[in-house]
Amino acid sequence: MLPLWLHQAAEERRLRASDAEFERVVGMGMGPLDTGTEDQEFLWSAAEWRRWEAVGSDPWREHKRQSWAEELLEAQQRRRLEREQLRAKLSADQARQEKEERREERRQQRWGPTSHHHFYQR
């Protein structure tokens with residue numbers, strides 16, 4: 001059996017490596033207005049679950065691990081839903097903007113450029 005201090009040092013190195021990996025994955029540019037890709041979402045989720053698995057499974061911590069796992073699952077589902085809603089919103093905004101641009105082009109072709117567009121924009 002390893003001395004306690006060797007075990008603690010090895011555990012500390014493992015946790016630092018896990019934290020570094022997690023921070024690298026989370027810092028992949030998935031900001032609040034970035035919809036991200038499925039690959040980024042998968043990497044993020046996998047890093048969270050590896051972090052969860054890496055934490056010691058002492059019997060006295062089992063209830064905490066269970067609640068942490070439930071929170072992770074809920075957070076991942078919520079994050080996936082929020083990203084899907086953001087994708088839909090951004091797509092609808094882009095379609096609306098393109099429609100307004102086409103309408104403005106038709107108006108200019110028919111009536112010519114006018115000054116009202118320069119002073120008033122929605």
Before we move on, is residue 102 exposed (fewer than 11 other Cβ atoms within 10 Å of the Cβ) and over 30 Å from residue 38 (Cα atoms)? yes
For region 51-99, which positions are among the basic types (Lys, Arg), surrounded by fewer than 12 Cβ atoms within 10 Å (Cβ to Cβ) and under 30 Å from residue 10 (Cβ atoms)? 64
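Every number here is computed from the coordinates shown, using simple stated rules; none is lab data. Because the structure is predicted, anything quoted here is derived from the model rather than measured. Cβ coordinates were reconstructed from backbone atoms using ideal geometry, including for glycine residues, and neighbour counts include every protein chain displayed.
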